[in-house]
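Okay, structure first, notes after.
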């Protein structure tokens, strides 16, 4: 019996070996060759400033989109002519979107309002290269506006260009009223005006964020949206506004104005943009601001007629001011 069991086991082993041998790959003694490795072609980066990879010029949405589209085209064309580079305009939907566009590569050059620039710079997204000039100044102020029909008292004398009362007296009448602000990151359209109200302890109703300084005036003129608003000085001279509301200077009152403490808008460049491109584009803007034709192109967008070279130290004094006034713009950085 034991011998029989051994024969069975031996038979099973032999059969297993035969089966394994039949399934194993056969070798012929010829050298084994491996399939050739096909290397993927290395992508050649497309040079920035070409048709395939244009320089994206972003416009702050502080004016109406239609106005920016109509006036931004000539600027793009003029920059292309001066530099030999291809530009593509872009209008982000908000100041926050403008900031993120600079950080994500969706914008290379941008026209920045002050507060949004400070955040973009501190995030490492943007560096200022030029500051704009209006009426010979690189600083401006904010103004509180209301429709003349609203019954608010104006404490601003247009003839002397001076306030006739202090902020506490002029702004107290806005207690319990509804403001129209432009954007949460707008310096003159929200940050500074709202800061004045907060410092004075003047509480208002929840605001309407209407995006754009001319839009504030349009909303006040229409009525039913808000009781008062704030803009830069003096948005009422905007050509598009004067066309849509010919008597805007009579219908919309300046209630009170701040001193010109806010640095003007600037032209900033993405932090990782080639310095040679930065220099070339800066020079193009400087050239435009030195000719009458160029001044007209610049004025049509944000009502500035020239630019000056600057760097981030230009904003040091304003940083001190807004912190002393109780603002901490760093809290707006995610």
Checklist entry - Is there a residue in the range 166-176 that is under 30 Å from residue 93 (Cα atoms) and assigned by TED's automatic domain parsing to the domain that holds residue 218? => result yes
Checklist entry - Hey, among the residues in the range 82-96 that are at pLDDT below 95 and not in a strand (DSSP E or B), which one's surrounded by the fewest Cβ atoms within 10 Å (Cβ to Cβ)? => result 93
Checklist entry - So is residue 116 assigned to a loop (DSSP other than H, G, I, E, B) and under 24 Å from residue 215 (Cβ atoms) or not? => result no
Item to check | Where residue 198 falls short, out of the listed (1) in a loop (DSSP other than H, G, I, E, B); (2) in contact (Cβ under 8 Å) with a residue 40 or more places away in the chain; (3) surrounded by fewer than 21 Cβ atoms within 10 Å (Cβ to Cβ) | outcome: (1)
Checklist entry - Of (1) more than 22 Å from residue 168 (Cα to Cα); (2) touching a strand residue (DSSP E or B) at 6+ places or on another chain (Cβ under 8 Å); (3) part of a loop (DSSP other than H, G, I, E, B), residue 205 satisfies all except one. Which? => result (1)
Checklist outcome for this item: If we keep only residues of the range 120-133 that are buried (at least 19 other Cβ atoms within 10 Å of the Cβ) and over 16 Å from residue 316 (Cβ atoms), then the residue nearest to the chain's Cα centre (by Cα) is 120
Next on the checklist: Among the residues of the range 139-146, are any touching a residue at least 12 places away in the same chain (Cβ under 8 Å), surrounded by 20 or more Cβ atoms within 10 Å (Cβ to Cβ) and under 25 Å from residue 286 (Cα atoms)?
Outcome noted: yes
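The values are calculated or read from the model by the stated rules, or taken from the named source; none is laboratory data. In this text the structure is predicted, and so the values were computed from the model without any measurement. Note: ideal-geometry Cβ built from the backbone for every residue, glycine included; neighbour counts use all protein chains shown.
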